[in-house]
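Participant: Input: one structure, supplied below.
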Amino acid sequence: MNLKRLVNRQVVNNLSRFNGRVRTRRDFSTITASIHSSNSSCGGVVPYNFSNSTPILSFNRYMHTIGETKLIGSSFNPKHNANDIEEDETMNEFLSRFVWIMRGKLTEVYKDCDKQTINNMLLVIVGKVVSEMEKGGLDQMLDVAVAKLSQEFSRDLWKTVFEVSNAVLADMEKEKKKEKMKGFLQCEEVQELCRFAAEIGIRGDMMREFRFKWAREKMEESDFYEGLKRLREEVRAQEKAEEEGKNAVAMGEEAATMGEEKPKVVTLPKRHGKINYKIYGLDLSNPKWAKVADRIHESEKLDWPEEPKPISGKCKIVTEKILALKEEDDPSPLLAEWAELQKPSRIDWLTLLDKLKEQNTRLYPKVEEVLLSEKSFQANIRDYSKIIDAHAKQNRIEDAERIVEKMNENGIQPDALTTNILVHMYSKAGSLDRAREALESLRRLGFRPDREIYNSMIMVYVNAGQPKLAESLTREMEARDIKPAMEIYMTLLRSFSQHGDVGGAGRIATTMQFAGFQPNLESCTLLVETFGQVGDPDQARNNFDYLMRLGHKPDDRCTAGMIAAYEKKNMLDKALKLLLELEKDGFEPGLATDSVLVDWLGKLQLVDEVEQLLGRIAGQGEAPPFKIQVSLCDMYARAGFEKKALQALGVVEAKKEQLGLHDFERVVGGLIAGGFVQEARRVHGLMEAQGFASEHLKVSLTASQAFSRKRPSE
C-alpha cells in the first residue's frame, strides 16, 4: 500500500463524511493508537513523540469553507488560479521525493517492521510536515531559528526531516536547472556552433565540453536578462504602489475636508482550503527501481557537468601556494597535499588549472603534465594534446615528444588533432622526416589534410631543398579543390629559381596564370634570374620584355638579373645597349646592377672601369656586397696588384664561412695565376676545412710549385 492510497483511504477521503466539521481529539488518537500498535511489533522503540495530546494533523486547515474537500488526484478545483496549480505541482514533487528518501531511512532503522507499519509512520510524518508547512511555508519550516515547530516529534526526528527536506530541495533545484539546460542544449545558436565545430574536426569529449560550455553561457545570458526584466517589473510595481498611495492620501485629505467618510481599505481575499498535492513514489519500493535510479544517476553524470567543490580552510592556503610557485619549482608535493585535503574529482582539477592559467601561465603546462599521472584527474587524449600544443608553440620539440611517449605508454594513441599539431611543429622546426611521418599517420587515421597542413608541408619541403615534392602537394591541393595562396606559388617559384630549375619555374608560372594570379614584378624577375643562371639570355630577355609590356618598370634587381644573363654569354654590347635604353626612361643603376658589372668587368681585367664603379657605389652611401671582394681579389691578383689583392684577400678570409665552392675556386685560381702560391695554398687549406674539394685546384697548385714564378710588380 503506498502513501497516496493511505492518505486517500485512511484520512483524507473520510473528510467528505464530515463536510465542514473539524475532527475531534478522539479521531487523532485513533491514528496514533494504530501507529503505536504497529510499532509494538518492532520492539516498541520509536524515537518519535507520538504521546503528545495535540492533534497530529490540523485537518481544519485543509477544509474549504464551502463545498466538499477534494484532492488533486480525485478532481480539480476550478477556483484555483495558475499560481495555485504551480504551487501544488511543486508541493507534489517535494512530497514525492521526501517520502521516497524518508521511507529508505525508516526501513534502514526499523529493519524488523513490516511494510504497513512503515507506511503508517510515513503517514504521520508527512502529515506533520504538511501541517508545519501550512503554518509558514516551506522556507520558514526549514529555518530552524525562525520556525516554532511542534513538540510532538523528537528533536532527532525533526533534524532528520530538515536534512531530508534540504536534500530534496537541492535535488529539485538541480533538476530544474538541468531541465532548463536541456532546452538551451537544443537551441539554434548552440546547434550552429556545434555544426561549425564538427566541420573543423572537433569530436568526442571535446565536442561535449564545448557544447555544455556554449549552452551554459546562453543560459547565464538568459538568466541575466530575466533578472533585469524582474527588476524592471519590481520597480514599476513599486512606482505604481507609491502612486496609488499618494492618490489614496490625496483622496483621504479631500474626503476629510469635505466631511466624507474615509474609504475602506481593500485587501486581497484569503485563500481557503488546503494545499492540493499528490504523493507519488511509494509503489517504487520494488528493489528493481533502485537499480533503475542508479543507472539514471550514472547517465546524468555524462549529460550534466559536475560542479567543483568549494575550497576553504587549509586547502585554500595550499591553493595560494600553488598559484605562487615559480617556473623552476617542483609542484608535485603541493599538488599531492592539495589532493589529500580536497579529495578532488576531475572538475576540481580543471578548476585549479583554470586559475593557474590565469595567474601563472608559465607554470601551467608543467602542472598539467604532472596531473597526467594523477588517477583522480582522469586524463584523456585532449589533456595530452593541449600540453603537446603548448610545447609546440614554444618550439620545445623534446618536451612535446616526451608527452607523446608518455601518451603511448598509457595506451592512448594520438588522434587526428594531436597528429595535426605534430605536423605543424615538425614543419616549423624544419624536420622533414618527422613531418612526413606525422603526415602519413594523419592519413592512416582517415583525416584528409586541410590547407594549413598542406602549407606547412610545402614550406618544409622548400626549406629542405626539394621544391618538386612541394609542387606535388600543390597538385594534390588542386585535385581536392583547395586553391593554394599566391604566397605558396611565389615560394615555389623562388625555390626553383634558386636551384636554376627552368622547367619547374616555368610550370609554376603557368599554373599561377591558370589559377587567376597575374604575373607581377616579383614573378617576372624570378624567371629572368632563372634563365640567367642557366645561361639563356634570349629567354631571359623575353620575360624582361614581357614584364615591361605588362606595364611594370624594371627595378635594380630585375635589371641586374638581365645583365647577369648577358654575362654568361659575354654579350657586353647588348648589356650596355640595354642600360642606355633604360637610362633614357629614367632608370638609374643601383647596387645590384653595379655589383654584376664589377664582377663582369673584373673578369675582363678592366681595372679602371671597375674602380669607377666602386667609386659610384661609395657615392651612393651603400656598402658593397661581400661577393664583390671575391671579384676584386681575383682581378687584382691576376693584374699583379699585390697590395690591393692582399687587402681584398684579408676581407675574404675574415668571412670565409660565407664562401661557396665556386668562390673558393675563383680566389685560389686568381692567386695561382698571379703568382701568389703561398696565399693560394693557405686559402686552399681553408677550403678543405670547410668541407669543399676540387681536383683541378690540387693539380694547379702542384704545377705552380714546380714552375714557380716571380710575382709581377705593380
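Participant: Going through region 415-435 one residue at a time, which ones are crowded, with 21+ Cβ neighbours inside 10 Å and out of contact with any Ser or Thr (no Cβ under 7 Å at 6 or more places or on another chain)?
Facilitator: Asn420, Leu422, Met425, Tyr426
Participant: If you don't mind, there's one more thing I want to ask. In region 620-650, how many are open to solvent by 70 Å² or more (accessible area, probe 1.4 Å) and either under 15 Å from Phe664 (Cα atoms) or in a helix (DSSP H, G or I) (or both)?
Facilitator: Within region 620-650, residues that are open to solvent by 70 Å² or more (accessible area, probe 1.4 Å) and either under 15 Å from Phe664 (Cα atoms) or in a helix (DSSP H, G or I) (or both) number 5.
Participant: Note down all Cβ pairs under 6 Å where the first residue falls in region 175-199 and is over 28 Å from Phe447 (Cα atoms), the second is surrounded by 14 or more Cβ atoms within 10 Å (Cβ to Cβ) and among the basic types (Lys, Arg), and they're at least six residues apart or on different chains.
Facilitator: Sorted first by the residue in region 175-199, then by its partner, the pairs are Phe184/Lys218.
Participant: Is it true that some residue in region 297-319 is over 27 Å from the mean Cα position of the chain (by Cα), at pLDDT below 85 and surrounded by fewer than 16 Cβ atoms within 10 Å (Cβ to Cβ)?
Facilitator: Checking region 297-319: at least one residue is over 27 Å from the mean Cα position of the chain (by Cα), at pLDDT below 85 and surrounded by fewer than 16 Cβ atoms within 10 Å (Cβ to Cβ).
Participant: So which of Arg396, Arg362, Arg382, Arg402 ends up being in contact (Cβ under 8 Å) with a residue 60 or more places away in the chain, surrounded by fewer than 21 Cβ atoms within 10 Å (Cβ to Cβ) and of a type outside the set (Gly, Ala, Ser)?
Facilitator: Arg382
Participant: Regarding Phe531, is this residue closer than 30 Å to Ser456 by Cα and open to solvent by less than 40 Å² (accessible area, probe 1.4 Å)?
Facilitator: The answer is yes for Phe531.
Participant: Which ranges mark the helices (runs of 4 or more DSSP H) fully within region 357-430 that have 2 or more residues being of a type in the set (Ser, Thr, Tyr) and within 23 Å of Ser345 (Cα to Cα)?
Facilitator: 381-393
Participant: Quick check: anything in region 330-338 charged (D, E, K, R), touching a residue at least 12 places away in the same chain (Cβ under 8 Å), open to solvent by 20 Å² or more (accessible area, probe 1.4 Å) and farther than 24 Å from Arg382 by Cα?
Facilitator: So in region 330-338, the residues charged (D, E, K, R) come out as 330, 337.
Next, from what is left, pick out any that are touching a residue at least 12 places away in the same chain (Cβ under 8 Å): 337.
Remaining after also requiring open to solvent by 20 Å² or more (accessible area, probe 1.4 Å): 337.
Now drop any that are not farther than 24 Å from Arg382 by Cα, which leaves 337.
The answer is yes; a qualifying residue exists.
Participant: Out of (1) under 50 Å from the mean Cα position of the chain (by Cα); (2) part of a helix (DSSP H, G or I), what's the single condition that is false for Gln518?
Facilitator: The failed condition is (2).
Participant: Step by step: first the residues of region 436-464, then only those that are touching a helix residue (DSSP H, G or I) at 6+ places or on another chain (Cβ under 7 Å) and not in a helix (DSSP H, G or I), then the one that is most open to solvent (accessible area, probe 1.4 Å). Which residue is that?
Facilitator: Step by step, filter region 436-464, then rank; the result is Leu445.
Participant: Among what's in region 524-556 and is of a type in the set (Gly, Ala, Ser) and part of a helix (DSSP H, G or I), pick the residue that is nearest to Gly506 (Cα to Cα).
Facilitator: Within region 524-556, the subset of a type in the set (Gly, Ala, Ser) is 532, 535, 540, 551.
Then keep just the ones that are part of a helix (DSSP H, G or I); that gives 532, 540.
Numbers: Gly532: 14, Ala540: 12 Å.
Out of the qualifying residues, it is Ala540.
Participant: Okay, moving on. With respect to the numbered conditions (1) within 20 Å of the chain's Cα centre (by Cα); (2) at negative phi, which one is the sole condition not fulfilled by Asn395?
Facilitator: Unmet for Asn395, out of (1) within 20 Å of the chain's Cα centre (by Cα); (2) at negative phi: (2).
Participant: Still on this structure, I have one more. Among the candidates Glu588, Glu609, Glu567, single out the residue that is open to solvent by 40 Å² or more (accessible area, probe 1.4 Å), part of a helix (DSSP H, G or I) and not basic (Lys, Arg).
Facilitator: Glu609
The values are calculated or read from the model by the stated rules, or taken from the named source; none is laboratory data. Model, not experiment: these values are computed from the prediction. FYI the Cβ positions are ideal-geometry reconstructions off the backbone, even for glycines, and counts take in every protein chain you see. Accessible surface is based on the protein model in full, side chains and every heavy atom, while ligands, DNA and RNA are left aside. Shrake-Rupley method; radii C 1.70, N 1.55, O 1.52, S 1.80 Å.
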